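Worksheet: the structure to be examined is printed underneath.
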Amino acid sequence: MSKKFMLGILFAVIILGMLAMAVAGRSRFPLVNAVVAGVMLPVESLFNSAGNAGNSLRGYWKALTVMQSENAQLKKDNIELRNANIQMASVYAENNQLRALLDYKEQHKSQKVVAAKVIARNHGDLRDCMYIDAGKDKGLQREMAVVNEGLVGVVDEVYAGYARVLLLNSPRFKVGARVLRHDSRAVGVVGGRTSGDDKLVMEHVFREASIREGDVIVTSGYSGSHPADILIGTVTKTHLDNVGLLQEAEVHAAADVADVEHVLVITSFSPRTKIEFNRQGGQAK
């Protein structure tokens, strides 16, 4: 083995030893430390940067996963909350209708009624009928009045377990009506209009009769087919007919026939009694 080779090996060992001692901090060699720092610091910085980048990437994916999970949960909660709101709104609307029926029964104790639920509607061109889950089995007959917050219509056809109701906004519907005002007893006939909208018209009102916007219209009961004083609606406009001999009035219905779900059918009532008054003797005959 040559002398130069041995010196090379010895020099390398010394250098490595000094590097090891400098790295370990066991000896102070300023020159060596500077060399070591110049070599090791960039490498260490590179490894630290790589580690930080890896940590940031892992943190990003973790945050993204958490956000996706939270977003999915929020969507689920939103759907559940929306469904709950829909159910609450439906229950609230149904309770309001049932409360209206209860109020009607309390205010008209002389009338016998049958409660029924709407089970179908006529979606044809006329859209003027609906079906209820009471029929001959509950004693229903044609022409019986159907009410909710006000007059809804009359029984049109009766079957074993259900019935068809003709709605009051139908042009085929007609009912005797009068103004409910202490200084007016104007009478006429209320029915739907051929235009197909939801407004009612009160016809055949005498030209001299007192009827005006805001008047409340109720059933007259004169025909004997329906009870008197069932709320029909409120007058929104009055005018003369085409001939100019009679008055007509547009009436806004009290009952919302488009949204009604529960009704009462009046199966029995006390008809209006005709009284002849003897002005001279003050006696009713």
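The values are calculated or read from the model by the stated rules, or taken from the named source; none is laboratory data. None of these values were measured; they are calculated from a predicted model. In this analysis, Cβ positions are derived from the backbone assuming ideal geometry, glycine residues included, and neighbour counts consider all displayed protein chains.
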Could you check the stretch 98-125 and list, in sequence order, the residues that are among the aliphatic types (A, V, I, L, M) and either modelled with pLDDT of 80 or more or under 17 Å from PHE269 (Cβ atoms) (or both)? LEU101, VAL113, VAL114, ALA115, ALA116, VAL118, ILE119, ALA120
Out of the residues in the stretch 249-273 that are touching a residue at least 60 places away in the same chain (Cβ under 8 Å) and charged (D, E, K, R), which is farthest from VAL189 (Cα to Cα)? GLU261
Working only within the stretch 187-203, note down all residues that are assigned to a strand (DSSP E or B) and free of Cβ contacts under 8 Å to residues at least 40 places away in the same chain. VAL187, VAL189, GLY191
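Could you grab me the full set of residues in the stretch 204-233 that are in a strand (DSSP E or B), surrounded by fewer than 18 Cβ atoms within 10 Å (Cβ to Cβ) and not aromatic (Phe, Trp, Tyr)?
Going through the stretch 204-233, the residues in a strand (DSSP E or B) turn out to be 204-206, 216-219, 231-233.
The next check asks that each one be surrounded by fewer than 18 Cβ atoms within 10 Å (Cβ to Cβ); those that pass are 204, 206, 216.
Correct list: HIS204, VAL216.
From the list ARG178, ARG172, which residue is in a loop (DSSP other than H, G, I, E, B), over 30 Å from the mean Cα position of the chain (by Cα), at negative phi and among the basic types (Lys, Arg)? Write out each step before concluding.
Numbers: ARG178 fails: in a loop (DSSP other than H, G, I, E, B).
Checking each option against the conditions leaves just ARG172.
What are the residues in the stretch 183-203 that are modelled with pLDDT of 90 or more and loosely packed, with under 13 Cβ neighbours inside 10 Å, if any? Working first, answer last.
Step one: list which residues in the stretch 183-203 are modelled with pLDDT of 90 or more, which gives 183-184, 186-192, 200-203.
The one that is modelled with pLDDT of 90 or more and loosely packed, with under 13 Cβ neighbours inside 10 Å: ASP183.
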Would you mention how many residues in the stretch 111-154 are within 17 Å of VAL260 (Cα to Cα) and in a loop (DSSP other than H, G, I, E, B)? 9
